[in-house]
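Read through the structure below, which is laid out as structure tokens, and then see the notes.
Nothing in this text is a laboratory measurement; each read-out follows from the coordinates by a stated rule. This one's a predicted model, so the numbers in the text were calculated from it and none came from an experiment. All Cβ positions, even for glycine, are placed from backbone atoms using ideal geometry, and neighbour counts span all protein chains on display.
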Amino acid sequence: MIKKLLKYGLLGLLGFVLAVVIFLYITFVPILAGTAAKTMCSCLYVLGRTPESVVEKELTVVPTLNWSSFDYIDSSAVRATLFLRSRTAVYRKGIGCTLLAERSEQEIRSQTPAMPGPPPFDSDTVAWPLGDKIRDSAVAGVNYEAMNSAISYAFDEPDPDRPKNTLAVVVVYYGQIVGERYAPGVTRDSPLMGWSMTKSLTNALVGRLVLDGKLKVEDPAAVPEWQNDDRKNITLNNLMQASSGLEWNESYFTPGLFHNMFMHSDDKGAFAASQKLKYPIGTHFEYSSGTTNIISRIVRQTVGDANYPRYAYEDFFYKVGMLNVLVELDASGTMVGSSYGYATARDWARFGLLYLNDGLVNGERILPEGWVTYSSTPAPSAPKGEYGAQFWLNAGAKDDPQNCYHPGVPNDEYGCEGFEEQNIFIIPSKKLVLVRLGISHHGFDIEGLTQKVIAALP
């Protein structure tokens with residue numbers, strides 16, 4: 001009897017293990033392969049990296065993967081194969097990389113969106129921030145020795161098992177660059193991944209449309225799928241503050257809505273918009289790439305295809321001096337406003353400086369008056385005052401400011417944050433913009449870096 005029980009128990013255990021393996025093979029392996037293909041494609045063709053460096057740094061989180069897992073098709077596509085499951089991402093010049101999901105490669109390549117190029121000029125002859133001509137004189141009061149030491153802290157690698165992999169640091173104080181350093185092989189002209197810092201770019205595009213009188217954040221979100229149910233009461237502001245009430249799970253390492261959108265959907269905004277209400281509108285904070293892609297689709301619908309994405313570049317990015325920025329399009333032709341933004345470290349610094357200067361560039365109003373205050377005001381549903389309108393905040397809990405997102409950093413700090421520890425910290429009380437970009441899978445002490453940079457200021 002005992003032998004039979006052991007036998008059936010062992011068979012049951014084996015059956016369970018087999019079911020788990022099959023489930024992971026069907027669901028998770030294609031996600032890993034898709035992540036690898038898309039990441040490799042963008043790193044190679046958008047960022048100009050080598051396959052070996054991408055495997056060594058970005059793709060260390062994907063098991064059993066090495067550079068031989070990839071096929072490079074006509075220098076314009078990447079196919080990644082993992083445990084016999086393959087996914088392909090295609091590259092289009094000026095548009096970036098798109099992971100194949102529902103549409104064929106031929107359909108995607110037949111798309112011809114109007115992607116404008118930057119205006120021609122020699123940036124070295126134009127003063128910062130619109131150009132790259134940096135003044136030679138020191139900024140009064142800055143301890144440059146301490147500043148260089150602070151920046152070195154970002155690049156030092158005391159633990160080889162937990163590398164920081166910092167790629168770039170730019171420090172802007174009172175509008176001037178007072179500290180800057182790049183990793184070997186990276187320069188001021190190198191575009192670098194922003195990941196979820198892209199969400200804040202989407203905030204700016206909405207702000208630009210508000211300035212033009214084409215959007216109001218208080219209005220119900222213009223989502224056609226919501227007009228016949230309670231979701232029609234979701235406002236654009238609810239989306240901006242990540243408090244729409246829509247069902248979502250922002251899980252990067254388990255199968256779910258996040259990966260279904262990025263790996264299996266061509267129209268990411270439509271996929272996110274198809275989710276049902278789970279919480280009362282405006283009451284529950286849920287950080288969501290899906291929400292941002294709904295906003296990005298609203299931007300496209302508001303501008304109209306004839307002017308999209310030209311509007312984003314000519315009416316916003318280039319006006320700010322961000323001439324090396326790219327936000328990749330999904331297969332439906334909409335910017336992946338949640339995650340797929342690339343820019344140089346100086347361009348990311350220009351973006352932060354725009355908000356520090358209340359939406360003004362050389363006296364020209366690029367964002368509406370009050371937009372920066374709106375963006376940096378805590379969402380009522382954010383328990384620690386940690387989120388505004390597509391910006392992370394350090395305001396702290398209402399009754400306890402010390403219970404904040406970045407302890408040890410001034411409470412007026414707000415900014416952009418992304419996967420692999422991408423950061424733009426904007427600290428109005430210190431007249432400071434701090435950009436740190438890297439490929440960090442073991443965390444990064446952004447609070448410590450910020451404290452050291454502040455200590456070097458007057």
In this structure, the FRET efficiency calculated for Asp358 and Phe28 from their beta-carbon separation, with R0 = 41 Å, to the nearest 0.05, is 0.35
Once Gln451 and Ser152 are pulled to full extension, the length gained, defined as 0.36 nm per residue separation minus their Cα-Cα distance, is 106.3 nm
Put in order of increasing Cβ neighbours within 10 Å, starting from the fewest, Lys57, Lys268 give Lys57, Lys268
Between the Cα axis of helix 289-303 and the main Cα principal axis of the chain, the angle (0 to 90°, nearest 10) is 60
Given a Förster distance of 25 Å, the FRET efficiency implied by the Cβ-Cβ spacing of Arg109 and Ser274, rounded to the nearest 0.05, works out to 0.40
For the chain, the charge dipole (Cβ of Lys, Arg +1; Cβ of Asp, Glu -1; about the Cα centre) points to a positive end, and the Cα of Thr344, Pro378, Cys43 closest to that extreme belongs to Cys43
In deg cm²/dmol, rounded to the nearest 500, the helical mean residue ellipticity at 222 nm of the chain, built from -39500 (n - 2.57) for every DSSP H run of length 4 or more, is -9500 deg cm²/dmol
Here FRET efficiency (C-beta to C-beta, Glu225 to Ser53, R₀ 45 Å, nearest 0.05) is 0.60
Contour minus Cα-Cα span, Asp399 to Val61, at 0.36 nm per residue, comes to 117.8 nm
Measuring from its Cα centre, the chain shows a charge dipole (+1 at each Lys and Arg Cβ, -1 at each Asp and Glu Cβ) which, in debye to the nearest 20, is 900
Proxy exposure order for Lys384, Lys276, Lys199 (fewest C-beta within 10 Å first) is Lys276, Lys384, Lys199
Scoring only Lys, Arg, Asp and Glu (+1, +1, -1, -1) among other residues with Cβ under 12 Å from the Cβ of Arg181 yields 0
Per the rule of 0.36 nm per residue minus the C-alpha distance, extending Glu218 to Asp71 adds in nm 48.1 nm
The set of cysteines in the chain having no other cysteine's C-beta under 4.7 Å reads Cys43, Cys404, Cys416
Taking a crude spin-label model, label points 7 Å out from Cα along the C-beta direction, the Thr125 to Lys232 distance in nm is 5.8
Interchain or sequence-distant (5+) residues whose placed amide H lies within less than 5 Å of the amide H of Gly179 are Val171
From the cross-link list Lys268/Lys319; Lys384/Lys430; Lys164/Lys268; Lys133/Lys164; Lys278/Lys384; Lys214/Lys319, the entries with a Cα-Cα span beyond 24 Å are Lys268/Lys319; Lys164/Lys268; Lys133/Lys164
Classified through the alpha carbon gyration tensor (a ≥ b ≥ c as square roots of its eigenvalues; rounded if a/c is under 1.5, else prolate when a/b is larger than b/c, else oblate), region 298-423 comes out prolate
Here the net charge surrounding Arg87, from other residues whose Cβ is less than 9 Å away from its Cβ (Lys, Arg +1; Asp, Glu -1), is +3
